[in-house]
Amino acid sequence: MDYDMISIREKIGEILCEYGANDKRIYVIDSDLAKSTTSAKFRDKFPDRFVETGIAETSAMSIASGIASEGQIPFYVNFAMFVSGTAWTQLRQAAYANLNVKLIATHPGMDDGPDGASHHANEDIALVRTIPNLKVLIPSNIKELRQAIKIAIETDGPVYIRAARDVVPNVDLEQNAELGKSIIVDDQGNDFALIYEGTATAVAYKAYDALKEKGYKGKLINIFSVKPMDVDLINNLASTVKGIVTLENHSILGGLGGAIAEILAQRPNHAKLAYVGVPDVFTESGKSADVKAKYGLNVDNVVSKVEEVLS
């Protein structure tokens with residue numbers, strides 16, 4: 001597959017401006033990172049609907065809850081570590097009340113490589129998918145980001161969108177992203193299914209190409225909607241392919257791999273399952289690509305895991 005690379009994060013502010021121009025209910029809340037998340041574009045265009053809290057993430061989430069209580073649609077945009085971690089209690093309370101708050105979490109996983117473990121959100125999927133009422137979406141390209149934001153606006157209740165800071169393939173898949181549905185990117189056969197979350201797209205595409213070059217015929221699956229998950233698709237894969245490998249820019253504990261395992265565990269029989277992701281460690285500081293490669297998010301490791309489940 002041939003493709004250019006682009007950062008989803010770079011389009012967040014632009015897309016929020018597009019929707020904000022037509023829907024005056026949309027507000028954006030920031031915690032001193034508007035330039036990094038690109039929400040500064042919304043601030044510049046709609047200053048009356050932009051709230052800057054400084055480094056007060058828990059207060060920012062509470063403010064979002066208050067704005068939602070007034071019938072508006074607040075988007076709290078911040079690094080994944082702060083949205084899911086620092087403000088977790090306030091997020092849980094918002095979800096408990098089923099408030100119409102929307103979260104866009106940038107720099108997920110090891111995307112913020114140089115800042116090290118304090119900023120590496122390798123636990124955010126695990127943290128947010130366990131909260132009742134909260135929907136979890138992970139776009140893998142710009143089109144899906146736009147659709148994820150649209151879904152969030154149209155969905156009554158809290159929605160968490162995990163948006164890559166690192167680059168991903170700039171593709172425009174024909175299939176539209178939907179809540180509760182996954183996207184079959186390519187289907188060459190039933191040897192394996194490589195299931196990835198959007199922030200790990202670059203490695204997924206490269207590994208899938210490498211597996212095809214080695215003669216394996218499998219499927220490439222973009223999960224997109226982590227919660228609710230496409231259970232029917234997962235169950236179908238479990239009974240048709242020989243092996244399933246999950247790929248995530250996240251810990252292998254409680255994330256995408258864990259969610260797939262929870263579904264497979266309810267079946268009497270299923271395909272073999274293996275995980276590619278961060279082991280149970282705190283990751284180190286360094287260039288994002290180097291850090292990811294060290295902790296298993298590299299082509300060779302994905303190919304090895306696929307061959308392992310097929311052996």
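The values are calculated or read from the model by the stated rules, or taken from the named source; none is laboratory data. Values in this document were obtained by computation on a predicted structure and should not be read as measured data. With ideal geometry, Cβ positions are generated from the backbone for all residues, glycine too; neighbour counts draw on all protein chains shown.
A few notes on this one:
- For the stretch 277-298, filtering for residues that are among the hydrophobic types (A, V, I, L, M, F, W, C), surrounded by fewer than 18 Cβ atoms within 10 Å (Cβ to Cβ) and either over 20 Å from LYS206 (Cβ atoms) or in contact (Cβ under 8 Å) with a residue 60 or more places away in the chain (or both) leaves 3.
- Scan of the stretch 199-239 for residues that are of a type in the set (Phe, Trp, Tyr) and either modelled with pLDDT under 95 or over 22 Å from VAL159 (Cα atoms) (or both), ordered by number: TYR205, TYR208, TYR216
- Residues in the stretch 104-129 that are in a loop (DSSP other than H, G, I, E, B) and either at positive phi or in contact (Cβ under 8 Å) with a residue 60 or more places away in the chain (or both): HIS107, PRO108, MET110, ASP111, ASP112, GLY116, ALA117, HIS120, ASN122, GLU123.
- The one condition in (1) at pLDDT below 95; (2) closer than 22 Å to SER182 by Cα that VAL306 fails to fulfil: (1)
- Scope the stretch 1-58; condition out of contact with any strand residue (DSSP E or B) (no Cβ under 8 Å at 6 or more places or on another chain), more than 30 Å from TYR208 (Cβ to Cβ) and of a type in the set (Asp, Glu); matching residues: GLU18, ASP44, ASP48
- Those strands (runs of 3 or more DSSP E) lying entirely in the stretch 1-103 with at least 1 residues in contact (Cβ under 8 Å) with a residue 40 or more places away in the chain: 5-7, 26-30, 73-79
- Hey, GLU284 at pLDDT 95 or above and either in contact with a strand residue (DSSP E or B) (Cβ under 8 Å, 6 or more places away or on another chain) or assigned to a helix (DSSP H, G or I) (or both) or not: no
- Selection within the stretch 206-260 - more than 25 Å from GLY109 (Cα to Cα), part of a helix (DSSP H, G or I) and among the hydroxyl-bearing types (Ser, Thr, Tyr): SER239, THR240
- For the stretch 131-180, a residue qualifies if it is among the aliphatic types (A, V, I, L, M), without any contact (Cβ under 8 Å) to a residue 60 or more places away in the chain and either surrounded by fewer than 15 Cβ atoms within 10 Å (Cβ to Cβ) or not in a helix (DSSP H, G or I) (or both), and the qualifying residues are ILE131, VAL159, ILE161, LEU173, ALA177, LEU179.
- So THR106, is it within 23 Å of GLY254 (Cβ to Cβ), crowded, with 18+ Cβ neighbours inside 10 Å and outside the structural domain of SER288 (by TED's automatic domain parsing): yes
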